[in-house]
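Here is the structure we will look at, set down as structure tokens.
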Amino acid sequence: MDILKEIAASLERGEDDRVAGLVRQALEERCAPLDILNRGLIAGMDVVGEQFRKREIFLPDVLIAARGMYAGLDLLKPLLAQEGVPSAGRIVLGSVRGDLHDIGKNLVAIMLKGAGFDVLDLGADVPAQRFVDAAQEHGATVIGLSALLTTTMPVMKEVVELVRARGLAGRVKVIVGGAPVSEAWAREIGADAHGYDAANAVERVRALVAAGA
Amino acid sequence: MRPSLRLLDAALIERILAEARDLLDSLGVEVHNPALLETLAGHGARVDRATARAHLGAALVDRALASAPREFRLHDALGRETHHFGAGQVSFTPGSAAIHILDGETGQMRAPVTADYIRYVKVVSGLPHLASQSTAFIPADVPSRISDSYRLFLSLLYGEKPVVTGAFTIEAFELMKDLQLAVRGTGEALREKPLAIFSCCPTAPLKWSDVTSQNVVDCATWGIPVEFISMPLSGFMAPVTLVGSLVQHAAETLSGVVISQITRPGAPVLWGGSPAIFDLRYETTPMGAVETMMMDCAYSEIGHSLGLPTQAYIALSDAKALDAQAGLETGIGATLAALSGIDSVSGPGMLDFESCQSLEKLVVDDEICAMTQRLVRGIEPKDDFPARPLFEELLREKHLLIARHTRRHLRSEIAFPGPVIDRANRARWLEEGGLTLGQRARREVARLIEAWQPSALGDGVKRELVRRMEGEARRHGMDALPEREA
Ligand code: B12
């Protein structure tokens with residue numbers, strides 16, 4: 001089998017410990033690093049993501065595949081230095097001030113990373129200003145906010161307002177999520193999107209990045 | 001004989017507790033509360049200030065377990081005893097702190113408001129098998145920063161039953177304590193007759209946030225009972241095996257007992273929790289899963305083995321409507337909880353992973369509670385031996401409808417349900433409208449609201465509650481509280 005297909009297939013089969021070896025072999029066979037990335041690693045992860053969305057596989061399967069992908073990516077990174085490792089986008093993520101719930105946010109972070117996004121996770125109990133500061137400092141185009149308490153949802157509004165006040169609206173998109181948060185709430189506060197679970201978050205963030213590009 | 005369920009044998013309980021103690025000693029708990037870390041150090045914990053870890057040795061844990069009360073009582077707003085925890089009673093309270101309410105008219109989940117909360121208190125006031133209210137959901141028509149204390153305010157203003165509640169911030173505790181003081185008069189009176197239980201959550205794995213740990217300290221200081229709500233999520237934030245999750249639950253809960261008891265020895269606590277498995281397929285924390293319920297019953301056995309009264313989030317459902325799933329999950333949970341002798345069962349009314357309350361479900365669940373409470377009274381002989389005289393009477397009279405034996409034992413032996421449980425034959429059922437469960441439940445909700453009588457709390461106390469709540473609302477930029485009906 002074509003070595004690149006073999007890399008993709010090993011991700012799909014959850015053989016994460018084989019990926020680094022196969023990437024090394026591909027390099028020895030003089031495959032271009034960018035091809036290994038796109039037609040091997042990313043192609044494999046796309047299939048995994050699709051199977052996950054269709055609920056054919058579960059979250060741990062995605063995490064195992066992602067671990068394999070990162071093992072391969074580590075080998076490619078130095079070689080891709082000139083082109084740079086292409087990123088699906090950069091996102092700043094956190095649970096808003098007053099909210100210590102971070103399990104859902106962590107899952108979203110894991111899935112976004114698995115889908116090739118650069119994720120800057122600010123943790124829990126994060127004040128509005130830190131989200132916007134971090135987005136500006138690191139050139140993120142998306143801010144992801146998580147709230148599990150009805151009492152902390154208003155902080156999301158503060159972030160949206162701050163993004164506007166700093167003239168970043170349109171360039172920095174805000175996506176919100178968490179059990180009490182809905183599509184309607186996102187509209188009400190002027191956020192750009194709402195996501196209801198980790199796979200959905202990936203789809204929504206992808207769409208935001210695509211719309212912004 | 002009281003029927004009971006056992007999931008763990010003595011050796012397994014001992015091993016789970018030994019492993020939990022080892023975790024507390026070797027790995028320690030993270031405590032994000034510098035003052036509390038110092039107190040812990042002062043009581044002999046090995047504290048690493050850089051990592052905020054407190055290692056709790058055997059002596060400290062033993063002292064805490066020795067001073068934690070084996071039993072304590074709860075009293076309603078008028079000072080009447082309603083609960084005696086640790087005496088073998090099983091009592092039920094509505095699931096607390098939902099985000100949504102299931103609108104009985106539209107069948108839609110929506111954000112609740114003040115009027116919904118008042119209707120809720122009226123319904124709970126009339127339900128005989130719910131011995132306490134809980135602050136069941138968060139009204140969305142007041143500023144979010146006062147919405148946790150506001151529900152306690154409404155509960156104390158409209159209802160007499162004691163309240164299971166909790167603060168969302170360190171600051172909110174102050175007013176929530178003041179509201180209780182307004183009812184009881186003095187701190188001493190409140191300590192003597194606790195009026196509310198506060199839920200305080202450690203964060204899995206083995207961690208206490210500043211908010212929830214400070215809530216434990218503040219409650220202990222004021223003698224307000226605490227239920228620890230440890231929430232291992234099996235396979236995600238805890239081992240996938242039920243035993244592994246139980247070890248984690250025991251370690252987190254023991255650390256809570258330590259925090260409470262070093263603050264004030266003898267402070268009342270419930271060995272509680274809300275563990276759940278993690279459903280990987282949907283990224284959810286199902287409360288209606290049988291494994292979740294098994295963990296609840298098992299940790300209650302562990303708590304009882306330590307001599308502590310227990311609490312659990314069980315007898316609730318993940319369904320999105322008052323449907324068969326809601327009934328079966330709630331029914332199984334309530335039955336297992338009662339057979340396990342869980343002292344305080346939090347759950348009735350709740351749907352959708354602890355996030356939605358339903359008044360209609362509450363009246364149905366009250367019937368479930370009634371059935372389980374009957375179940376645990378068990379089967380006891382009552383004037384049954386010798387059997388011959390009664391059977392002679394039956395053969396003679398051809399029935400026992402008006403026999404002295406029947407009249408004496410009918411009401412205690414057979415628990416007749418209220419109108420939401422259908423026991424009519426089909427013709428009678430049709431004649432009475434052929435109502436579905438949902439329709440019967442709605443009618444019962446309306447009846448209870450109509451039948452509600454104002455709390456007998458003195459007008460002076462009610463004015464004081466309003467004064468304190470309005471003061472807090474003003475501090476948060478709200479000139480007047482939302483309109484309230486009588
Ligand atoms: C686990 C849990 C906890 C754990 C949290 C541990 C942790 N490290 O996060 C602990 C025990 C610590 C805890 C504490 C408390 N909790 Co809590 N908790 C829960 C529970 C049961 C499950 C939450 C969860 O982790 N779900 C699993 C994850 C995977 O799902 P998720 O969080 O919804 O996230 C998914 C989606 O929402 C979405 N998503 C989430 N974030 C984002 C962000 C973006 C950008 C996107 C796109 C998508 C997205 O994708 C995620 C993955 O699928 C909920 C009940 C519920 N139905 O949510 C209550 C709940 C949220 N808690 C509640 C309460 C009251 C509290 C406390 C205040 C209790 C107390 N008095 O101590 C404290 C909070 C203190 C504070 N200031 O934060 C209430 C909220 C009430 C309200 N009306 O606001 C709930 C509803 C339960 C209840 N009825 O009491 N809690």
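A few remarks follow.
- Applying the set (1) part of a loop (DSSP other than H, G, I, E, B); (2) open to solvent by less than 10 Å² (accessible area, probe 1.4 Å) to B:Val240 leaves exactly one unmet item: (2).
- Yes/no for B:Gln133 being in contact with a strand residue (DSSP E or B) (Cβ under 8 Å, 6 or more places away or on another chain) and farther than 27 Å from B:Ala337 by Cβ: no
- Among residues of segment B:98-126 being small (Gly, Ala, Ser) and more than 13 Å from the ligand (Cβ to nearest atom), the one that is nearest to B:Ser199 (Cα to Cα) is B:Ser125.
- Residues that are in contact with a Gly (Cβ under 7 Å, 6 or more places away or on another chain), more than 16 Å from the ligand (Cβ to nearest atom) and farther than 30 Å from B:His304 by Cβ are absent from segment B:77-97.
- Scope segment A:119-154; condition closer than 26 Å to A:Asp46 by Cβ, away from chain B (no Cβ under 14 Å) and touching a helix residue (DSSP H, G or I) at 6+ places or on another chain (Cβ under 8 Å); matching residues: A:Val119, A:Leu120, A:Asp121, A:Ala140, A:Thr141, A:Val142, A:Ile143, A:Gly144
- Among the residues of segment B:453-481, those identified as assigned to a helix (DSSP H, G or I) and without any contact (Cβ under 8 Å) to a residue 12 or more places away in the chain are B:Asp459, B:Gly460, B:Arg463, B:Arg467, B:Glu470, B:Gly471, B:Arg474, B:Arg475.
- Qualifying residue in segment A:155-170 (condition: within 16 Å of A:Lys105 (Cα to Cα), crowded, with 17+ Cβ neighbours inside 10 Å and away from chain B (no Cβ under 14 Å)): no
- Within segment B:337-377, the set of residues being within 13 Å of the ligand (Cβ to nearest atom), open to solvent by 20 Å² or more (accessible area, probe 1.4 Å) and either touching a helix residue (DSSP H, G or I) at 6+ places or on another chain (Cβ under 7 Å) or not charged (D, E, K, R) (or both) comprises B:Phe353 only.
- Selection within segment B:264-285 - over 14 Å from B:Pro202 (Cα atoms), in a loop (DSSP other than H, G, I, E, B) and either modelled with pLDDT under 95 or within 9 Å of the ligand (Cβ to nearest atom) (or both): B:Phe278, B:Leu280, B:Arg281, B:Tyr282, B:Glu283, B:Thr285
- Qualifying residues in segment A:58-88 (those that are within 16 Å of the ligand (Cβ to nearest atom) and in a helix (DSSP H, G or I)) - the one farthest from the other protein chains (Cβ to nearest Cβ): A:Ala66
- Hits in segment B:181-202 (condition: within 16 Å of the ligand (Cβ to nearest atom) and away from every other protein chain (no Cβ under 14 Å)): B:Ala196, B:Ile197, B:Phe198
- Residue identified as outside the structural domain of B:Gln325 (by TED's automatic domain parsing), out of contact with any Gly (no Cβ under 9 Å at 6 or more places or on another chain) and modelled with pLDDT of 95 or more among B:Arg475, B:Arg404: B:Arg404
- Of residues in segment B:203-242 being among the hydroxyl-bearing types (Ser, Thr, Tyr) and within 12 Å of another protein chain (Cβ to nearest Cβ), the one farthest from the ligand (Cβ to nearest atom): B:Ser213
- Residue match in segment A:16-26 (condition: surrounded by fewer than 16 Cβ atoms within 10 Å (Cβ to Cβ), part of a helix (DSSP H, G or I), in contact (Cβ under 8 Å) with a residue 12 or more places away in the chain and out of contact with any helix residue (DSSP H, G or I) (no Cβ under 7 Å at 6 or more places or on another chain)): yes
- Residue check: A:Leu100 meets all listed conditions (1) open to solvent by 40 Å² or more (accessible area, probe 1.4 Å); (2) more than 14 Å from every other protein chain (Cβ to nearest Cβ) but one, namely (2).
The values are calculated or read from the model by the stated rules, or taken from the named source; none is laboratory data. A quick note: this is a predicted structure, and the numbers were derived from the prediction, not measured. Every residue, glycine as well, gets a Cβ built from its backbone with ideal geometry; the counts of neighbours run over all protein chains shown. What goes into the accessible areas is simple: the full protein's heavy atoms, side chains included, and nothing from ligands, DNA or RNA. Shrake-Rupley method; radii C 1.70, N 1.55, O 1.52, S 1.80 Å.
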